1. Quick one: is LYS286 in contact with a helix residue (DSSP H, G or I) (Cβ under 8 Å, 6 or more places away or on another chain) and open to solvent by 10 Å² or more (accessible area, probe 1.4 Å)?
2. In a helix (DSSP H, G or I) and at pLDDT 95 or above, is that true of GLU82?
3. Can you name every residue in segment 154-173 that is small (Gly, Ala, Ser) and open to solvent by less than 20 Å² (accessible area, probe 1.4 Å)?
4. Sort out which residues of segment 174-208 are loosely packed, with under 13 Cβ neighbours inside 10 Å and part of a helix (DSSP H, G or I), and write them in order of number.
5. For segment 50-79, how many residues meet the condition of being assigned to a helix (DSSP H, G or I), under 18 Å from ASN23 (Cα atoms) and either charged (D, E, K, R) or out of contact with any strand residue (DSSP E or B) (no Cβ under 9 Å at 6 or more places or on another chain) (or both)?
6. Quick one: ILE253 ticks every box in (1) under 24 Å from GLY104 (Cβ atoms); (2) touching a Leu at 6+ places or on another chain (Cβ under 6 Å); (3) not acidic (Asp, Glu) bar one, so which box is it?
7. Would you mention how many residues in segment 28-54 are over 17 Å from ALA111 (Cβ atoms) and without any contact (Cβ under 8 Å) to a residue 24 or more places away in the chain?
8. Considering only residues that are open to solvent by 10 Å² or more (accessible area, probe 1.4 Å) and either in contact with a strand residue (DSSP E or B) (Cβ under 8 Å, 6 or more places away or on another chain) or modelled with pLDDT of 85 or more (or both), which ones fall in segment 1-18?
Amino acid sequence: MKKIIVKIKDNAQLTYPIFIGENIVENLGKLINFSKYSKIVLVTDKHIEKLLLKQMPQFLPQNSEVIVMPIGERSKTIDTVEEIWRELLDLHCDRKTLVINMGGGVILDMAGFAASTFMRGLDFINIPTTLLSQVDASVGGKTGVNFLEVKNLIGTFNQPKAVIIDVALLQTLSERDFIAGFGEVIKTGAIADKKLFEFVSSKKPKEFSQKELVSIVEKTIKIKTQIVEKDQKETSLRKLLNFGHTIGHAIEILSQTTDNPLLHGEAVAIGMVAEAQIAVEKNLLKQSTFDELIKKILHAGLPVKTLNIKTNDIVEKMQTDKKNEKGNIKFTLLKRIGQGVVNQDASDSTIKTAVGKIL
């Protein structure tokens, strides 16, 4: 089992462990001190309820409660959060309650937000069950929900008390869900670590062993935590992690109203293509590197184009992005594999040309 200690620079007292390994959920009681809490509440979704919930009681204290929520991005709303708040109230939770968020990115973001705001903040830990959430949503302290069709518009920065990452849980995923997680891993390598980029692209996703997956998750999380430790609230360095997300978030949200809704990792993959094209248009990135990026994304089984979405709709949706400043869309772009640059502007014509590449 691997252990990473996160230390947040702007709060010297804020540290928490990330445990990474195989079949470590069964050691939950040894990893987390449950005795300091008055109540334990597990928040999960219907998919996890069906596949894993029968196993969980043996790993939790006897006074534990369970809240089961709907599945998917469309459920990531303030209405669903209200349901969680109502359940927490009905369960007579107090400020000494520990919330365990177990599921994919939707559950971790949404239940983390609910815990962060109920009674002005309950402690929570994250147990991510998808590769995407293991390398992304579980770490970094971003919580939130979509609002008025804007991705993660309402939320908080609030770090978990611990993160438990068990790669054995990935066996419960469909092939599509598993592959989608590689979108975030490829992104991380692209902006910060050429060796990780090359390794994660060296095989098809399903060809990696569990031991190799532990290594991939560990390397990806180390990069993210090193960035988050220095810039928790995304004022500068943390913006590096947004490569592929400005356009990716727009098409992800717009796709939810089509017959082909995208998974987050798929949308990020498509977003990387468009945003890398912006870098090419700005003479920041070589065409050969752009071609290499597309080749690696396709090799992983991820999409590079989207369907049934119009250029103007994507550009309009990007105007609501949280990272915009004074009405200007700000991009994180690639300079080369392993190096990203933040706070990049692009003209309307450049953006539309780039978006045209993914339609």
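The values are calculated or read from the model by the stated rules, or taken from the named source; none is laboratory data. Predicted model, so just to flag it, every value in this text is computed and none were measured. Backbone-built Cβ (ideal geometry, glycine too); neighbour counts: all protein chains shown. Note: accessible area is taken over every heavy atom of the protein model, side chains too, but ligands, DNA and RNA are not part of it. Shrake-Rupley method; radii C 1.70, N 1.55, O 1.52, S 1.80 Å.
1. yes
2. Details: in a helix (DSSP H, G or I): yes; at pLDDT 95 or above: yes.
For GLU82, the condition - in a helix (DSSP H, G or I) and at pLDDT 95 or above - is met.
3. First, the residues of segment 154-173 that are small (Gly, Ala, Ser): 155, 162, 168.
If the condition is that a residue be small (Gly, Ala, Ser) and open to solvent by less than 20 Å² (accessible area, probe 1.4 Å), then ALA162, ALA168 are the ones that fit.
4. Result: GLU175, ARG176, LYS195, LYS206, GLU207.
5. The initial filter retains those residues of segment 50-79 that are assigned to a helix (DSSP H, G or I), namely 50-51, 56-59, 73-75, 78-79.
Now restrict to residues that are under 18 Å from ASN23 (Cα atoms): 51, 56-59.
Those still in the list that are either charged (D, E, K, R) or out of contact with any strand residue (DSSP E or B) (no Cβ under 9 Å at 6 or more places or on another chain) (or both) too: 51, 58-59.
So the answer is 3.
6. Tallying (1) under 24 Å from GLY104 (Cβ atoms); (2) touching a Leu at 6+ places or on another chain (Cβ under 6 Å); (3) not acidic (Asp, Glu), ILE253 fails exactly one: (2).
7. Total meeting the criteria: 5.
8. The answer is MET1, LYS2, LYS3, ILE4, ILE5, LYS7, LEU14, THR15, PRO17.
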